[in-house]
Amino acid sequence: MFWGLRSQQDLYYQDELAELTKRMPTLTAITTLSRPEPGWFGKSGRVLRLIEERLASGKNHGGDLCGNSAMIADATSLLQKKGLCPIYREKYYDDTGSPED
């Protein structure tokens, strides 16, 4: 699971995610911040970078996307190129976003 947020102020459920990954050995959860503040030691950048770097192939996988329209469109295109199917989409809000989001 790749989860992108803007900054540390947006973080929530991190302890619960850590607990889930301990109980479910097949679950990997990676949080990335697109606008981290000083002191952030986790991943930084957009979720698209994680998809590009960490998903070699989407074969035999499905995906669920939630976010703004621009991110969903970009992620859908990238995931389709990697062969991921099916892809389910939910717009959390309907602005077009910006490259930094």
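Just one of the numbered conditions (1) assigned to a helix (DSSP H, G or I); (2) of a type in the set (D, E, K, R); (3) exposed (fewer than 12 other Cβ atoms within 10 Å of the Cβ); (4) at pLDDT below 95 is not true of Glu16: (4). Residues in the stretch 38-72 that are in contact with a helix residue (DSSP H, G or I) (Cβ under 6 Å, 6 or more places away or on another chain) and either part of a helix (DSSP H, G or I) or more than 23 Å from Arg6 (Cα to Cα) (or both): Leu48, Ile51, Gly58.
For Ala75, the criteria (1) assigned to a loop (DSSP other than H, G, I, E, B); (2) free of Cβ contacts under 8 Å to residues at least 40 places away in the same chain; (3) under 15 Å from the mean Cα position of the chain (by Cα) hold in every case but one, which is (1). Restrict the check to the stretch 23-35 and report whether at least one residue is of a type in the set (Lys, Arg) and part of a helix (DSSP H, G or I). There is at least one residue in the stretch 23-35 that is of a type in the set (Lys, Arg) and part of a helix (DSSP H, G or I). Scanning the stretch 8-33 for residues that are out of contact with any strand residue (DSSP E or B) (no Cβ under 6 Å at 6 or more places or on another chain) and among the polar types (S, T, N, Q) yields Gln8, Gln9, Gln14, Thr21, Thr26, Thr28.
The values are calculated or read from the model by the stated rules, or taken from the named source; none is laboratory data. Keep in mind that this is a model prediction, so the values were computed, not measured. With ideal geometry, Cβ positions are generated from the backbone for all residues, glycine too; neighbour counts draw on all protein chains shown.
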